Amino acid sequence: MITRIYELITRIWYRHRAMAIAVPVIALVAIVVASLLLVGGGGGGSAQASATPGATSSATTSALASLVPNESPTPTEGESPTPTISPTPTLNPTPTPLPAGMAYADLDGVLTTTALAHRLPMAFMIDNQTSASRPQSGMSTASIVIQAPNDLSSDRYQMYFQEGTAVGIGPVRSTRPYYVKWADEYKALLGHYGGDALVLQVTIPANKGLFYNLDGLRGGSCAYHRIKTRVIPHNVYTSTAAAIKCATKLGYPATYQNMPTRPFRADTPAAQLPAQQVFTIKYPTETIGYTFDPATDSYLRSESYKVTSSSGKVGIISGPELDKATGKDVYARNVIVMYQAIGVQWYEPHDARRTVGSIGSGKAVVFQEGKEIIGTWSKPTDTALTRFYDSTGKEIPLVRGEIFIQSIPSSYPLTIIK
């Protein structure tokens, strides 16, 4: 029992989550451990040696940090500073009882306090159109991050927050119909700054009651502010505290609305993890890379993209992705590639918009713990949770921690390097 609790402390500490989560959880578990030692007279266990960390990019995060002036958002009131895996992961049939006041988060399965574990999910639309929007803020403390095509030559993020907190989230941009349908899965608070004609006039009215609208241009301005170190339209920001305060003002609920959840499983012992895995996904404006680190049982996320100086000189920035709000590298515990149909539709006279086939099913590749599982994704309706199945039709349990979902058409290369 003590060994199991010690492992929980160790895993929480090394998962690159927000200190707002780690500190109270570690403190609470430490009290339980101390009590057990007093009653049982002590205990112990041997630590397992970590495998050699995987390869990382030679570029430093300082190169990314120098790209954009530090926006330094002021903390908002209320913020706390077909291969198959072998053995096949299965759900634990007899889970260890959790200490009082603790629970697993609904979105990513992370162990945290009960209040944070069941907080209303907040999904924010995040710009990724040009180098002016990078590096983004909030990436390292989100529970789920979706990256999908947006307009003809760009893509956009949707960041979901539940147990994690962020003093800076942005740049916040407009939404699209398929992002609304993803937010419907969790009945989430959808944070955005406007949208195209189709999403504003058709999708949002049709999905009224399936999510909580926080549009900065239409009634939700209390959640947002503009920073001075970035140019319009890449300078709208918020925070989890500001969004919660605004949502309360609008009469939205504070807790998860009994929506479905995904299955999660325990980590594989460190000695059984592979030494390395590296893969890349090429989007029109950048290449995203993931390098598995067995020491933390997670993937270091990197990006490579073109930048143009004020003098017109073009260069390439390549290196670990930086969260501008925290100054930390971005890690993923699960990376899921969804192959989805991508089309083009003229929603407005002057704009061609992407369409993404988010409803239905298709091929998926799930990366976790240095291995990949080739299977399928399925989302039969707007409100159905997107689920992932292996080649036998069994739902794939995810490891606990941040989930990155990469929505791409078959024309975007996925390259497994090693």
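The values are calculated or read from the model by the stated rules, or taken from the named source; none is laboratory data. In this text, all values refer to a predicted model and were calculated from it rather than measured experimentally. Heads up, the Cβs are rebuilt from the backbone with ideal geometry, glycines too, and the neighbour counts pull from every protein chain shown. Side chains included, ligands, DNA and RNA excluded: accessible areas come from the protein's heavy atoms. Shrake-Rupley method; radii C 1.70, N 1.55, O 1.52, S 1.80 Å.
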Once you have a ≥ b ≥ c as the square roots of the Cα gyration tensor eigenvalues for region 149-271, tell me rounded if a/c is under 1.5, and otherwise prolate or oblate according to whether a/b is larger than b/c. rounded
Determine how large the accessible area of Val180 is when every protein chain is in place; take a 1.4 Å probe and give Å² rounded to the nearest 10. 0 Å²
Give me the percent of accessible area attributable to carbon and sulfur for region 276-348, probe 1.4 angstrom. 51 percent
Check region 253-399 and count each lysine pair with an alpha-carbon distance under 18 angstrom, considering only pairs eight or more places apart or from different chains. 7
Most packed first (mean Cβ within 10 Å per residue), the peptides 313-323, 236-246, 185-195 order as 185-195, 236-246, 313-323
Cα-based convex hull, region 131-213, per residue volume (Å³, whole number): 96 Å³
For region 245-399, what does the equivalent ellipsoid look like in terms of its semi-axes, each the square root of 5 times an eigenvalue of the Cα gyration tensor, given largest first in whole Å? 28, 26, 20
Per 5 Å bin, what percent of the C-alpha pairs of region 283-330 does each bin hold, from zero upward? 5, 18, 20, 23, 17, 9, 4, 2, 1
Kirkwood Rh for region 280-365 from C-alpha pairs, in Å, is 16.0 Å
